[in-house]
1. Considering each residue of region 63-104, count those that are within 17 Å of LEU20 (Cβ to Cβ) and within 16 Å of ligand 2 (Cβ to nearest atom), and give that number.
2. Among the helices (runs of 4 or more DSSP H) contained in region 160-241, which hold 2 or more residues that are surrounded by 17 or more Cβ atoms within 10 Å (Cβ to Cβ) and under 22 Å from the mean Cα position of the chain (by Cα)?
3. For region 265-306, what are the residues that are more than 16 Å from the chain's Cα centre (by Cα) and not in a loop (DSSP other than H, G, I, E, B)?
4. Return the residue satisfying two criteria in turn: it lies in region 251-264 and is surrounded by fewer than 18 Cβ atoms within 10 Å (Cβ to Cβ) and in a helix (DSSP H, G or I), and of such residues it is farthest from ligand 1 (Cβ to nearest atom).
5. What is the number of the single condition among (1) within 13 Å of ligand 1 (Cβ to nearest atom); (2) of a type outside the set (Asp, Glu); (3) under 30 Å from SER2 (Cα atoms); (4) in contact with a Ser or Thr (Cβ under 8 Å, 6 or more places away or on another chain) that VAL120 does not meet?
Amino acid sequence: MSEPRRILTVFGTRPEAIKLFPLLHALQGDARFVSRVCVSAQHRGMLDQVLAISGIVPHHDLDLMQPDQTLDGLTANLLTGLGRVMDEETPDWVVVQGDTATAMAGALAAYYRKIPVAHVEAGLRSGNIHHPWPEEVNRKIIGTIAALHCAPTETAAAALRRENVDPTAVHVTGNTVIDALHWITARIAEERELAAGLAELEQRFAGKRIVGVTSHRRENFGEGMQSIAAAIRRLAARDDVAIVFPVHLNPNVRQVMDAELAGLDNVALIEPLDYPHFARLLDICTLMLTDSGGVQEEAPALGKPVLVMRETTERPEGVEAGTAKLVGTDADRIVAEAERLLDDEAAYAAMARAHNPFGDGKTAARIMELLAG
Ligand code: UD1
Ligand code: UDP
């Protein structure tokens, strides 16, 4: 039998960890591979929450997060730190996911060493390099470098082919986010306590409809965040609604939300939820307001309407399927669209249908076979 392939998987944030743990679980159990893991820890607490629940123990932890870090400072540290790990590990493949600074720098450091890069969640494009910022450019850089492009959907694969990426290197695999959602749902079914921590809130808000909120996009900092906060304040004035808002640890998000929303009766501003508790929130909410990428993929799979607080999306599939709607960050528009869903049963029913444009939960196995091939 030939030597096992050495795979170095590199990531640094909460969503990358969620979307990579299914692949890491698969690689760990397969003798064709030696799976090594390097976290940049571009996120700290929010990354550690996912490592803990998924049982992933990194071989390298660069512990790079700084409070309110800048894009250039972070990227410089990533490039040198990840490069050192690659020199030590000499992998056959470097795997990166999505569009974060860690993913982009990981791809670049691998390219500098002529190590082939596999890109998980390849081909997402909004067509606007300022929305989302800086993710659109990060993805394009990775797309230029990667030797294997694992596109979640045919739309994403087509975007890569339009950019003249070698079509034989592009594969439609689905998105591992669905694998992760299935895994966590099964874990919660085995051990209910894992997601029992919202019980107090559920009791406090009994009889009200829960609107889940997440927000963190850099391009929304400042005016956009203020406007999102104003919309939530107005929605929370309704006595049939409660807002559950796990606030991202980025200080640019927290300062605004604390200043505008702390202490309101119908608003629970809470710490980031670990993944099982966030899955529970998706389960109990009536609708989600979000600017998150991952939540736009999870909510349609669960049939939860999502109002996407962005100007553009690189995930048109949820919108096309009818479960997601782009509403931007204008407060009047957010409130009007949310109230329409809350007050018009037919409008709600039209959006609240489960769709799975992002895969069947078997994406990790497909990617593993591509890495073996
Ligand atoms: C990053 C990614 C973004 C991704 C998002 C997911 C980049 C440029 N941005 O954005 O693409 O959608 O993660 O959440 O790669 N912080 C903590 N603890 C944590 C995490 C963050 O305190 O566990 C605070 C720190 O002050 C940190 C700041 O948040 O400096 C920003 O973190 P950073 O990773 O740079 O950006 P995000 O906005 O989280
Ligand atoms: N998530 C979580 N806890 C939270 C908020 C989100 O576990 O309090 C999960 C969510 O289920 C999704 C992912 O984090 O899988 C999305 O991460 P985020 O919104 O930070 O990043 P994005 O997807 O926008 O890059």
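1. 9
2. Ranges flagged: 176-190, 223-235.
3. Narrowing region 265-306 to residues more than 16 Å from the chain's Cα centre (by Cα): 265-271, 280, 283-287, 303-305.
Listed by number, the residues that qualify are VAL267, ALA268, LEU269, ILE270, ARG280, ASP283, ILE284, LEU287.
4. Taking region 251-264 and keeping what is surrounded by fewer than 18 Cβ atoms within 10 Å (Cβ to Cβ), we get 251-252, 254-255, 258-260, 262-264.
When the remaining residues are screened for being in a helix (DSSP H, G or I), the result is 251-252, 254-255, 258-260.
Working: PRO251: 5, ASN252: 8, ARG254: 9, GLN255: 11, ASP258: 14, ALA259: 17, GLU260: 19 Å.
Going through the qualifying residues, I end up with GLU260.
5. (1)
So that you can scan it fast, the table gives a plain yes or no per residue for (1) closer than 22 Å to LEU74 by Cβ; (2) under 18 Å from the mean Cα position of the chain (by Cα); (3) free of Cβ contacts under 8 Å to residues at least 40 places away in the same chain; (4) within 13 Å of ligand 1 (Cβ to nearest atom):
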{"residue": "ASP99", "(1), (2), (3), (4)": "yes, yes, no, yes"}
{"residue": "LYS114", "(1), (2), (3), (4)": "no, no, yes, no"}
{"residue": "ARG139", "(1), (2), (3), (4)": "yes, yes, no, yes"}
{"residue": "ILE145", "(1), (2), (3), (4)": "yes, no, yes, no"}
{"residue": "CYS150", "(1), (2), (3), (4)": "no, yes, no, no"}
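So that you can scan it fast, the table gives a plain yes or no per residue for (1) surrounded by fewer than 20 Cβ atoms within 10 Å (Cβ to Cβ); (2) under 16 Å from GLN97 (Cβ atoms); (3) aliphatic (A, V, I, L, M); (4) more than 19 Å from the chain's Cα centre (by Cα):
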site	(1), (2), (3), (4)
SER40	no, yes, no, no
GLY45	yes, no, no, no
GLN69	yes, no, no, yes
LEU74	no, no, yes, yes
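Coordinate-derived values only; no laboratory data. Note that the structure is predicted; figures quoted are calculated from it, not measured. Because the Cβ atoms are built from the backbone with ideal geometry, glycine has one as well, and the counts that use them run over all protein chains shown.
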